[in-house]
Amino acid sequence: SLKQQFKTLKTDLIRFMMSYKFALAEMNTKIDILKQEFQYIHDYNPIEHVTSRIKSPESILKKVQRKGYEFSLPSIRENIRDIAAIRITCSFISDIYEISHMLQNQKDIEVIACKDYIKNPKPNGYQSLHLILQIPIFMSDREDHIFVEIQIRTIAMDFWASLEHKIYYKYNQEVPQKIRDDLREAAITAAQLDKKMENIHKEMNAIKGLNREEEDLQELS
Ligand code: 0O2
């Protein structure tokens, strides 16, 4: 009956969205473990902050339409790979690659794609490291493999991206040339700041290393 069909559809939809919620919970736990353990071992925290979101059903449907995919749950599951997304903000560029490496090496994570917009920034200046990962989720009667998008960036890259995003929406996607030029320039300045900060961080580490060696020597003598 129609009522039965509606009930089945509703259950399917709720279970569909739930699987992304579980995937985010799994990934967030993985990231939190890395963060805590790294802090303990290296006495330093590579992760500034983490945010995550689930794409709203409206945005999912808009994207399906924009990309011309089939409107069905299996098609959405296969084609829309950023329904569950996590953004990790780090202090330094080296942290980005370290975190990406640690995640990519986990046995239950399958790396589907890695887009390095740091080595190859987008034409507008956008920089970040994007990973599409797939992780297994275990439920009462099945195991699902869920796509999760991870964006890893520095504080400076995040600062740039949030302003650019606001401007893009303010101008309804037709940003004046002057503003586009300024944004590209700002992206270059942000990248230079990242390099400078990383150098200071390295110098500090070198000094810390020397001090430690000296202390060890004093202890021995
Ligand atoms: P939202 O609201 O953040 O989710 P696709 O994901 O298939 O549409 P593509 O090019 O394969 O497109 O994905 P890509 O390049 O990996 O980018 C996906 C996400 O990265 C975007 O998601 C943004 O969050 C971010 N992003 C990419 N390019 C830019 C940019 O130029 N400026 C800013 N501010 N963010 C960017 P959504 O779905 O667009 O938006």
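FYI, it's all coordinate maths here, none of it is from the lab. Just so it is clear, the model here is predicted, and its values are computed rather than measured. Backbone-built Cβ (ideal geometry, glycine too); neighbour counts: all protein chains shown.
Summary of computed values
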read-out: The chain, relative contact order [Cα under 8 Å, separation at least 6], %; value: 18 percent
read-out: Cα-Cα over 30 Å, subset of LYS119/LYS178; LYS10/LYS35; LYS35/LYS208; LYS62/LYS195; LYS67/LYS115; value: LYS10/LYS35; LYS62/LYS195
read-out: Violating pairs (Cα-Cα greater than 28 angstrom) within the set LYS21/LYS202; LYS55/LYS122; LYS7/LYS63; value: LYS21/LYS202
read-out: Karplus-derived 3J(HN,Hα), 6.51/-1.76/1.60, for each residue of the stretch 144-153, Hz, glycine and proline x; value: 10, 10, 10, 6, 10, 8, 10, 10, 10, 8
read-out: Cα-projected label distance for ALA113 with GLN65, points at 7 Å along beta-carbon direction, nm; value: 2.2 nm
read-out: Helix-only [θ]222 nm of the chain, DSSP H runs n ≥ 4, -39500 (n - 2.57) each, per residue, nearest 500; value: -20500 deg cm²/dmol
read-out: For the stretch 152-171 versus the stretch 62-112, the gap between their alpha-carbon centres in whole angstrom; value: 19 Å
read-out: Lys, Arg +1 and Asp, Glu -1 on Cβ, resulting dipole of the chain about Cα centre, debye, nearest 20; value: 1580 debye
read-out: GNM top mover of LYS122, LYS67, LYS196 - the chain, alpha-carbon springs below 10 Å; value: LYS67
read-out: Residues ILE109, ILE88 arranged by fewest to most Cβ contacts within 10 Å; value: ILE109, ILE88
read-out: Burial ordering of VAL50, VAL148, fewest other beta-carbon atoms within 10 Å first; value: VAL50, VAL148
read-out: For THR154, distant residues with modelled amide H under 5 Å away; value: CYS90
